[in-house]
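Engineer: Attaching a single structure in structure tokens format; questions to follow.
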Amino acid sequence: MKSNRLIIGAGTLMMAVLLVACKPSPEKLNEAEVARAALVEAKNNAENTYLDITDSSLRGELDELAAKEKEAEKKDFTKMSDSMLELYIPKVKELTGEYVKIQELLNMKLAEDNVRREAAAKEALINAYIVNNTEFMITEMALHDITIDTISGNLLGEGVSLASGYTLAGVDLDIKIDSSQWEIVIKDDGGKVYSFTCGDFNQASRDGVYVILNYDSSSGTGSAEIGNQ
């Protein structure tokens, strides 16, 4: 009977040793948790950056990484031995490295989007009705941004004329909000060029405007009066 108790005691002791051997040391457990925390942070950063870009080409790669990251989050490190963690921690760090690489690509795409957004914020596309309140038969018309000295294409379109008293509808004027001076330049059917000083487009409604061309033949000056639709 005594020997049986010794055998049972020895078995219990061996089981206890095995259980202790399967648990990680505090130092190794902390190392694993730190590595996983870095992975989760890298994943969250990448996903948040993705939400801010317009390019969706990296969605598939992010989904693949997310599936691997999810498995890493499920791991119970307290049930892994030091030797098991020695093998697993490098895999977690490798996955974090993949997120770092994709983050670099995401940052590049975000920078490109920001450049486009900043450029777009400096522009306004204003729909306009242009009224020919002059005596001219207008064969060409363009908007000249005096501030930056750029001129649009022919607003009338190829082969189109605007007779006296008629209105050109549905013209989109590309306005730079940093500019402060504009003029409409026309050519009549006799080939003569005239300029019409515009009002301030930055004060105009973004929902649409009327631009009324007036010409004073006695002074030889033209004006383009802007009114909101």
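Engineer: Which of the residues spanning the stretch 65-91 are touching an Asp or Glu at 6+ places or on another chain (Cβ under 9 Å) and of a type outside the set (F, W, Y)? Before the answer, list the steps.
Structural biologist: Going through the stretch 65-91, the residues touching an Asp or Glu at 6+ places or on another chain (Cβ under 9 Å) turn out to be 65-66, 68, 77, 82, 85, 89.
Of everything in the stretch 65-91, those that are touching an Asp or Glu at 6+ places or on another chain (Cβ under 9 Å) and of a type outside the set (F, W, Y) turn out to be L65, A66, K68, D82, L85, I89.
Engineer: Within the stretch 27-34, is there a residue that is modelled with pLDDT of 95 or more and closer than 30 Å to K109 by Cα?
Structural biologist: yes
Engineer: Go through (1) touching an Asp or Glu at 6+ places or on another chain (Cβ under 6 Å); (2) in a strand (DSSP E or B); (3) among the aromatic types (F, W, Y) for Y210 and report which single condition fails.
Structural biologist: Of everything listed in (1) touching an Asp or Glu at 6+ places or on another chain (Cβ under 6 Å); (2) in a strand (DSSP E or B); (3) among the aromatic types (F, W, Y), Y210 misses just condition (1).
Engineer: Can you list residue pairs whose Cβ atoms sit under 6 Å apart, with the first residue in the stretch 216-229 being free of Cβ contacts under 8 Å to residues at least 24 places away in the same chain and the second being surrounded by 10 or more Cβ atoms within 10 Å (Cβ to Cβ)? Count only pairs 6 or more apart in sequence or on different chains.
Structural biologist: As it stands, the answer is G227/Y210, since those pairs meet every condition given.
Let's see how each residue does on (1) part of a strand (DSSP E or B); (2) under 30 Å from D55 (Cα atoms); (3) not assigned by TED's automatic domain parsing to the domain that holds T54:
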{"site": "E135", "(1), (2), (3)": "no, no, yes"}
{"site": "L143", "(1), (2), (3)": "yes, no, yes"}
{"site": "L155", "(1), (2), (3)": "no, no, yes"}
{"site": "V160", "(1), (2), (3)": "no, no, yes"}
{"site": "G170", "(1), (2), (3)": "yes, no, yes"}
{"site": "L173", "(1), (2), (3)": "yes, yes, yes"}
{"site": "S179", "(1), (2), (3)": "no, no, yes"}
{"site": "E183", "(1), (2), (3)": "yes, no, yes"}
{"site": "I186", "(1), (2), (3)": "yes, no, yes"}
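Engineer: May I pose another question? Which one of E98, E94, E123 is within 30 Å of A35 (Cα to Cα) and within 25 Å of the chain's Cα centre (by Cα)? Give the derivation first.
Structural biologist: On the way: E94 fails: within 25 Å of the chain's Cα centre (by Cα); E123 fails: within 30 Å of A35 (Cα to Cα).
Of the residues listed, the single one that is within 30 Å of A35 (Cα to Cα) and within 25 Å of the chain's Cα centre (by Cα) is E98.
The values are calculated or read from the model by the stated rules, or taken from the named source; none is laboratory data. The shown structure was predicted, so the numbers you read here are calculated from the model rather than taken from an experiment. No Cβ is skipped: glycine too gets one built from the backbone with ideal geometry, and neighbour counts run over all protein chains shown.
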